[in-house]
Structure formats: structure tokens, C-alpha cells
Amino acid sequence: MKKIINIIILLLFLLSITANAQIDRSKAPEPGPPPVIRIGDYETFTIENGIKVIVVENRTVPVVSFQLTLDVDRVLEGDAKGYVSTAGELMRTGTINRSKQQIDEEIDFLGATLTTHSRGMFASSLTRHTEPLLELMSDILLNPTFPEEELKRSLRQSRSALSTVRTDAGSMVNNVSSVLLYGSEHPYGEVVREETIDNITVEKCREYYETYFKPDEAYMVVVGDIDAAMAKELITRFFSDWEPGEVPRHNYETPRPPEGRRVAFANRSGAVQSVISVTHPVQLTPGHPDAISTSVMNSILGGGVFSGRLMQNLREDKGYTYGARSAISTDRLVGRFNARTEVRNTVTDSAVIEILYEMERLRSEPVEDETLELIQNFMTGSFARSLESPRTVANFALNIERYNLPEDYYSKYLERLNNVTASDVSEMAQKYLLPENSYIIVGGNSDEVAETLKKFSSTGEVEFFDPFGRQVEQSDHFIPEGLSASAIIENYIDAVGGRENLENIEDITIEMEASMQGMSIQSVTHQKSPNKYYSSMSMSGNVLQEQIFDGERGVIIMPQGRVELDDEMIKQMKLQVTLNIELYYEEMGFELEFDGVENIEGKNAYRINITGPGDIKRSDHFDPETGLRVRTTVTEESPMGEITQITTYSDYRSVNDIKFPFKMLQQAGPQAIDMEVTEIKINQGLSDELFNVE
């Protein structure tokens, strides 16, 4: 018995030696074949009026959703840019059978979701509510009324949203990118502006709906606790009255990359960081033979993975930013490459250098096998996880139908992905990364950054744009010889009514309506010479804040409590609330510096830098023709760092022979407040009791 045990031990020992001899642990094992992915089943059919229906059955939860997608061409909107998206939004705000309130109440009662947009709609509910949901969805689709009041409300919100663009460098870069990449004769090159919003009408919204909402251009994707037979019966019952019709088709010239590098800049006064975009158009349609290889190439560069070269270079190595990524998109009309990051002003040009370097390195140097395998594994895992959602299967089916993709396009995706080689990556980089033919678009502080970017431009010049993508010329305004800051201030004093009239103001009351993010706020301000101040802000009759300053002491009163101003705040308050402080700059110790001409909202303006007591940095801009102030920029320290507040003035009107701006846009960071004066009263004999801080 002992002998048998020894033989078994010996055999096990020999087997272990053999196994170890066959494995070279210094080398990574060869990757196995890509996993076989089985895309979930779906069924398709077309009802009589032309709606193409895709059904993905999923019985795991008692929920069903309906996604309607119109396969129509993009539309040039011209001087009413924004009306297409507005039309889609308004569809949900009223029908011939229901008001917006009734629609909202029914959706809430069903516990459902229902949204509309310019190219379709989406609705979802528990299975037991399917029929009332479809009845509501059908009414909205077939019978919209586009109520005038709802349009006005929507346009108010749109104008309010636009006001934030002037302080958001990222939005500025987006607008300039659209204009440069695609041009004004392409639907992707149009930008929503205040003047285009003013041209949006109910008639234009209705015209878009009546022209493009046709069932023979529609796909209905049904996902959830429903089978194809039931889906067909319901879709036919609720949507067969939708009448087909011919939909116009549009052809646009395909945008091309620039012949050399072009540098564009959108100024964000006072910004301490720059938003950088290196971008150019690419001709890459959905399902293109290069699409998968290009996606691998972009992932290596910076396509959403932390190991991307842009992230490793700009964040991990240089410490310039929290994030740097790239994207390359497919599109029927034209795709786009975009590398983007946000960095502090002092390293803006250095960050551009590194982005261009990484683009060129991927073009000229073979990618390492380990890097390629890492990206392929990551993309394989992401794809496999996405299949856990039935909606992914539905979207795959929709793409196959819309773009005429091979039926096995997604089932063979992983096979194609894992067949991508280092040579393929280099080929895609050379074809789709164009560092020498890109737009370098930066949003930030032109005073600190713009000059450093000239070296990247093929022409040696930086092109300047306003926040909405309109090109502005560098100022060539004639400056009178000997023009000084003091002279500009005197011109301003004369323009608003003269020194004598301003000195005669003993007190002033200004009432305003303000709008922020769709909310309406009422404001009342009382000032009494020389520096007494009271203000209150309220909403719907409820006071949000009061601020009182009697010339020596100050207090802020809020619902949460009362805050006494400290010595430093009092010092700043005396300066900020002095009535017509421009009259007293010299005697109060302010220093004024004329800093040339700057383009403000497409017009030249004299810029004056103002420094004085306290830590506030201020610059004022004045119209050379009228002498009136058009903008004030104030930068001050806060516990969160420097905060820049920009106030733009317009619509000057005369009150008691003195001109006041009746419209103001105040911006601080991403927040913007539209303010409109409703009434100004001068020398009403305000009592000192109004400014009592006790």
C-alpha cells in the first residue's frame, strides 16, 4: 500500500514539472477568440399608413415604452433659428382636445413619462396603462394646437438661457465651432441668437409640423412587456388616422477641413481658465467600414477612458486639467473630430501644443500592442454591458433599418473590433486626425491668452468671435490724440445729463423686474446721498433678501436670519453705494487708466480700468459715439476664489433730464440675470428711517 502511494506522489510531481515546462510565465497568454455575442431578438412590421414598427419584447418588468423617430432631413432655419426645436417642444403643450394642464395631469395620474421633440416623441408607463398612454400620445401627435401663450413662455425661457452664453466659455466655443466647422449654409452651422428667437412664430412651428411629421417617414420602437401581435393591434388602432404625405429632401455641401490651421477666440472677460477645442469635420457615415477602427483609434487618443493619451498627458503628467478627452462622430451629413479640455490661462498655449503632439504621435508612431489590447478589452466590456438593456437592442434594430446596415452588423461587432491591428490604428489616425488642418477654438480671457495662440495659426493671426459665433474685427477705431480716462468719464457725465443735474439728485428709487432661469424676481432699490442704501428682492410677494446700509453700518436680512456687515464689507459698501460715484473719483482716491478699445457685442467701446480703495478690480466700457456706459466688469476675491461679475447696459431712457439704462444683463459665473427697470423716481424726499439698520 505504501508503494502505491509513493507512485501516485511521483506521478503528480512529474505532471507538475511537465505543466511548468509548458508555460512561459514571462509572456502574457495569447488572447482567446472574441466572445460570441447574441443580440436579442426583435420583430418588425409596417402598418398601412407607412409607420415602420420595431418590437423588442422584455417581460422582466411590467413596463412598456414607445419611441417615435422621424427619419427626415435637417432643415435650414435661417433668421428664425430655433423654431424647429420650439415646434417639437410645443407639441406637448396643447391639443384640440386637451390643454397643457390636462395633459400634465393625465401623465401624472398614469405615472407615465411623455416628451416631444422636433423629430418625434417618447412615452413610457406601466403595462396596465398602455392604452390610455397611447390614446394621449396619439392626440398629441395628431392634434397639436401650438398655443400662442405657451410659445411666449417658451421664448422667454430661451432668451433667459441665451443670457448665460455670454459668461459660459464652453457655450461660446460650441457656437464658434458650429459656425466654423459647417458654415452658414449648413443646418449644423446655424446658431440660436436673440434676433432669431424674435422671429419664431406659431405659424413657423405649425408649418414645420405639417411638413415633416408624416407616418411614412416614421419609426415606432416598442420596448417592454408586450408582444408583436399586441403592439401591431395597438399601433394600428391609435395611429392609423395619421395621414401620409410627401416630405421634402435637402442636400447640403459637405464641409471640408481648413486648408491650414485656423485659430479662433471668443472673449470671456475676467475668465481665469480657457476652454480649448481642436476640431475639424470628417467624412464618416454611420456603418462606414472605417467606423470601428476609427473608434479604437480615438479611444487610444482620449475617447472616454482614463488611460487615453490626452488624459495621461494633460492631467497625469502635466497637471494642466482635471480632464481632457476626444471624440469622433459619425453622421449622415458630416462627422466631426473634437479634442477638448479646460485649463488655466497661463498654460493654454502649452495645452494646445500637447493636444497637437498627441494627435501627430498617433499618426506617426505605431501604437503599442499592450495599449491596443487594453482599449479593445475596455470596448468589448462596454459593448457587452450595453446589451443588458433591451433599449440597446431596440436602438441597434433602429440603426440597421435607418442606415441600411447589414443585419449582422452588431452581432459581428466584437469580431471586427478584435481584428483591429496597430497598423489599422495608424491608418485611421493618418486619415481622420488632421492636426495641420484643424480649427483651434478657445474661449477665455483674450487679454491674457489670445496673443499666445498666434503661433498655431497658419496665417499667424487669431480670429475673434462674439459669444454667438459672429466674427468681430480687431478694433481699428480712431482714438483722438491725448484721449484720457478722465476725459471719457467727463464725456459720460455729460452724456447722461451733466454734472449739475447729477449733483442735484438727493435720492433715487429704482424698481425692476428680473428673470433668472425662468423665474421672475422683483427688486426695489432706494439710495440717498451720499451713501445710504436699501434694497429688497422678492418673488411672488415673498421677500427673499433685504440689504440696508445707513452710511456707517450695514445688515443683510434673509429668511434664515440677519447678518451684520463686518469692517471690510462696510468699507466696500461705502464705495459701491455712493450715489453717482463717477463725480467723486478723484477726491476719493481712485486711479483711472485708459486701456484702449475693445469690441463689445459687435461694437467698439473705450475701456477704462478703475482701481482704488479695497481689493475690487473694475473696468468700464463706454460707447465712443454716445459716451454712455455699455458694460461694467468687477472682479473681487471670495472664499471660492476670484468672482467676476459683468453687467451690460442698454435701452437708455431719460428721467428728469437724466439718462438711465432700463435694461441690464448681470452675469456671475454661469448664472445670468436679465433685469428691466419698471420705474425710476428721483428726489422723493426719502426718510432716513428707511435706512435704519436697527
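The values are calculated or read from the model by the stated rules, or taken from the named source; none is laboratory data. Because the structure is a prediction, the values reported are computed rather than measured. Quick reminder, even Gly has a Cβ in these numbers, built from the backbone with ideal geometry, and neighbours come from all protein chains shown. In case anyone asks, the SASA skips ligands and DNA or RNA and just uses the protein heavy atoms, side chains included. Shrake-Rupley method; radii C 1.70, N 1.55, O 1.52, S 1.80 Å.
By definition, a body whose alpha carbon gyration tensor gives a ≥ b ≥ c is prolate when a/c is 1.5 or more and a/b is larger than b/c, and the chain fits this prolate description. Under 11 Å from the Cβ of residue 137, count the other residues' Cβ atoms, weight Lys and Arg +1, Asp and Glu -1, and hand me the total. My count for the surroundings of residue 137 gives -3.
Between residue 332 and residue 494, what is the FRET efficiency for a Förster distance of 60 Å, r being their Cβ-Cβ separation, to the nearest 0.05? It comes out at approximately 0.55. With R₀ set to 60 Å, the beta-carbon distance separating residue 368 from residue 45 gives a calculated FRET efficiency near 0.75. For a straight C-alpha distance cut-off of 27 angstrom, the lysines reachable from residue 204 (same-chain residues fewer than eight places away being disregarded) are 81, 100, 152, 214. Each Cα pair under 8 Å and six or more residues apart adds its sequence gap; the mean of these over the residue count of the chain is a relative contact order of 14 percent. Averaging 1/r across all pairs of distinct Cα atoms in segment 26-181 and inverting the result yields a Kirkwood radius of 19.4 Å. Once backbone amide H atoms are built at 1.01 Å from N, residue 438 has 261, 262 as its partners under 5 Å, excluding neighbours fewer than 5 places away on the same chain.
Within segment 334-443, all pairs of alpha-carbon atoms sorted by distance into 5 Å bins from zero give the percentages 2, 9, 14, 15, 16, 16, 14, 9, 4, 1, 0. Close amide-amide hydrogen proximity is noted between residue 652 and 662, each under 5 Å apart and 5 or more residues distant or on a separate chain (H modeled in the peptide plane; Pro and chain starts excluded).
Entry comment: accessible area of the chain is 49 Å² per residue, from protein heavy atoms only and a probe of 1.4 Å. Evaluating 6.51 cos²θ - 1.76 cosθ + 1.60 at θ = phi - 60° for every residue in segment 520-527, the Karplus couplings come out as 9, 10, 9, 9, 10, 10, 10, 10 Hz, glycine and proline recorded as x. Between residue 230 and residue 663, the simple label model (points 7 Å from Cα in the Cβ direction) yields a spacing of 5.5 nm.
Evaluated with a Cβ-only charge set (Lys, Arg +1; Asp, Glu -1), segment 572-694 carries a dipole of roughly 320 debye about its Cα centre, given to the nearest 20.
If you plug the beta carbon distance of residue 415 and residue 609 into 1/(1 + (r/R0)^6) with R0 = 60 Å, you get a FRET efficiency near 0.40.
Ignoring any ligand, DNA or RNA, what whole percent of the accessible area of segment 543-694 comes from carbon and sulfur when the probe is 1.4 angstrom?
Working: 3740 of 8020 Å².
Roughly 47 percent, rounded to a whole number.
Need one word for segment 653-694: rounded, prolate or oblate. Basis is the Cα gyration tensor (sqrt eigenvalues a ≥ b ≥ c); a/c below 1.5 gives rounded, then a/b vs b/c decides. Because a/c hits 1.5 or more and a/b fails to exceed b/c, segment 653-694 counts as oblate.
Annotation: lysines with alpha-carbon distance below 27 angstrom to residue 454 (same-chain offsets under eight excluded): 318, 431, 603.
The accessible surface of segment 176-233, taken with every protein chain in place and a 1.4 Å probe, is 45 percent carbon and sulfur. The lysines whose alpha-carbon is closer than 28 Å to the alpha-carbon of residue 681, local same-chain residues fewer than 8 away aside, are 528, 532, 571, 574, 659, 663.
Once both axes come from the Cα atoms, what is the angle between helix 148-163 and the longest principal axis of the chain, in degrees from 0 to 90, rounded to 10? Tilt of helix 148-163: around 80 degrees. With the cut-off at 1.5 for a/c, could you classify segment 420-552 from its C-alpha gyration tensor as rounded, prolate or oblate? Verdict is oblate for segment 420-552. Within the accessible surface of segment 405-480, defined with a 1.4 Å probe on protein heavy atoms only, the carbon and sulfur portion equals 46 percent.
What number, rounded to the nearest 500 deg cm²/dmol, is the helix-based mean residue ellipticity at 222 nm of the chain, given -39500 (n - 2.57) per DSSP H run of at least four residues and division by all its residues?
Helices in the chain give a 222 nm mean residue ellipticity of -9500 deg cm²/dmol.
Listed values for segment 285-299 are Karplus-derived 3J(HN,Hα) couplings in whole Hz (6.51 cos²θ - 1.76 cosθ + 1.60, θ = phi - 60°), namely 8, x, x, 4, x, 8, 4, 5, 4, 5, 5, 4, 4, 5, 4, and x replaces Gly and Pro.
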